[in-house]
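The values are calculated or read from the model by the stated rules, or taken from the named source; none is laboratory data. The structure displayed is predicted, hence computed values, not measured ones. Backbone-built Cβ (ideal geometry, glycine too); neighbour counts: all protein chains shown. Calculation scope for accessible area: heavy atoms of the full protein, side chains included, ligands and nucleic acids excluded. Shrake-Rupley method; radii C 1.70, N 1.55, O 1.52, S 1.80 Å.
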Amino acid sequence: MQDAMGGSPCEAFKPDQRVHPAGDSRRVGTVKYVGPVEGHGGIWVGVDWDNGEGKHDGSINGVRYFRAKSERSGSFVRIQSLSGGISLLEALYVRYRGESTKEEEDDMYVLSTSNKRVSVELVGMDKIQDKLSRFEELKAASLPYLGVSSLGEPCKISATIPNLKELDLTGNLLSEWKDIGMLCETLPTLTVLNLSNNSMRKSATGVLKLYHLRVLVLNNTGISWEQVEMLKESLPSIEELHLMGNNISTIESGSSFVDGGFDSLQLLNLENNSIADWEEIVKLSKLTSLEQIHLNKNKLKRIFYPGNDSISRRLDKYDIDNESFKPFQNLRCLLLGGNCIEDLESLDSLNYFPKLVDIRLSENPITDPAKGGVPRFVLVARLARVEVLNGSEVRARERKESEIRYVRLVMSRHSDNPEEMKRLHPRFMELKDFHGIEDERPSVASGGPKKMSSGLISIALKCIAASMGEKPLQTKKLPATTTVGKLKLLSESIFNMKSTRPKLYLQEEGSPLPMLLDDDMASLVDLGIDSSSIILIDEES
């Protein structure tokens, strides 16, 4: 494939410049080529579109003009059909003093349950708009997807919006860090800045100190951890740093946390990245103010608490053996949903984090019973201090019931080997003693047969099958050894389900969705089902 040849590029646009189609500021792309296209007259601009909706990969008829990020994200556009954007002040006038846009009009509606638009009348809207139009009183401004590519004159900005505290610039055309530094210097009251979906330059050197920023949102900006390191000295007061969707896989340098930096950081959001090794997260363990780490939708397979794992003990460069230092000493919230965690050892390691009480583990193999994972009551029982699990509060009653169910489940499955019990179920003996649970299995030397009633569980059965209509709740006393398969047959009989097969679900307190019971050989005791459980009876579709 030959290289494109042609005349000098037009001065209107330059490679790496951010642009949008004239009249459509919500569709943003990056200029990759400016010049002629073989077989087509005049000057063309080759654009690689962020949303991936183009026509080709940067080549036409065997001639390569540029390389788009995907096979169909690039296209050629006439100069007059593109816009290089507007200034920040121009965007303010468009947003707060101009005609309302279609998007803003759409915001004036909500969807009803039948998915129809219902108009919302905002009381006092005229007064609100009048106040927003007085820029000197403006405390927060939202300017998403308005094509902001430059700031304008700093003196005019400081005179126009002198009291601005929060600024949302999502989806604009900004890319230069020096502009961000100038903006923060111009607006000393600015504490919250959202730059999501702006494609920031790779180099963050020379940035003025962003002294007053408390919250910085850099989601989907293409930022690397190397750039984060460069910004560290510029953010002495940062409390929240959001870095979602940047394909970050490594925390390149742990030295910055040893030498200082991010001393005020309380929340670090790394969701939807590519982190697969927990050792990368251990590099953050010396951030003493850190209270929340958001790691949903990464690629983590296992986790551990530094110093309590054979692997982590080798990480001496993070000083985890220093007795005066506790890793993650103030971490109270750890979100791990949508990862690849599948071992109980990782689950149990969460008990070693000194202040961890808010945990998300949904959409991991370890929490999916269909993939060999464990149900919610086991999670509650094994996590000693969890107060919020998967976004749902763990109340005292749920904890007590979960721990008792868990102990009885373990007693029904395992031998009395103390070492095995300690290894597989670290909290078992503690919980057994705490709740005063005696070994309920019959002894060989017992004086007579165990009463059948002592092995019965009172189960509530609720039919929710659409074809069956409303049925009253049924309560049945069943042996703890009753299998799911037998319970299905019983449900068919109780609810007269002649033309369809039942599907059973376990409804648990605190769980947003019922758990499908799809193993016909599993018994009630195997599943930890007790007299407080409700079994939902649905029908096969």
So, in region 164-195, exactly how many residues are of a type in the set (D, E, K, R), open to solvent by 40 Å² or more (accessible area, probe 1.4 Å) and modelled with pLDDT under 95?
3
Among helices (runs of 4 or more DSSP H) entirely inside region 138-250, those with 1 or more residues being under 24 Å from the mean Cα position of the chain (by Cα) are 225-231
Counting only residues that are in contact with an Asp or Glu (Cβ under 7 Å, 6 or more places away or on another chain) and either buried (at least 16 other Cβ atoms within 10 Å of the Cβ) or among the charged types (D, E, K, R) (or both), which one in region 459-487 is nearest to Ile535 (Cα to Cα)?
Val484
Residue selected from region 21-73 under the condition touching a Gly at 6+ places or on another chain (Cβ under 9 Å) and basic (Lys, Arg), by the criterion least open to solvent (accessible area, probe 1.4 Å)
Arg64
Could you tell me whether any residue of region 398-416 is without any contact (Cβ under 8 Å) to a residue 60 or more places away in the chain, outside any strand (DSSP E or B), closer than 19 Å to Met515 by Cα and open to solvent by 20 Å² or more (accessible area, probe 1.4 Å)?
yes
Just to verify a result, which residue in region 355-377, among those that are of a type in the set (A, V, I, L, M) and out of contact with any Gly (no Cβ under 7 Å at 6 or more places or on another chain), is surrounded by the fewest Cβ atoms within 10 Å (Cβ to Cβ)?
Ala370
Name the residues in region 118-160 that are open to solvent by 70 Å² or more (accessible area, probe 1.4 Å) and modelled with pLDDT under 55, would you?
Ser119, Glu121, Leu122, Val123, Asp126, Lys127, Ile128, Lys131
Positions within region 379-393 being of a type in the set (A, V, I, L, M), open to solvent by 10 Å² or more (accessible area, probe 1.4 Å) and not in a loop (DSSP other than H, G, I, E, B), in sequence order:
Val388
Pick out the one residue from Leu195, Leu183, Leu190, Leu169 that is aliphatic (A, V, I, L, M) and over 16 Å from Ile238 (Cβ atoms).
Leu169
Out of the residues in region 286-297 that are modelled with pLDDT of 95 or more and either among the acidic types (Asp, Glu) or touching a Gly at 6+ places or on another chain (Cβ under 9 Å) (or both), state the one that is farthest from Asn220 (Cα to Cα).
Glu291
Is it fair to say Lys432 is in contact with an Asp or Glu (Cβ under 6 Å, 6 or more places away or on another chain), more than 17 Å from Ser532 (Cβ to Cβ) and at pLDDT 85 or above?
no
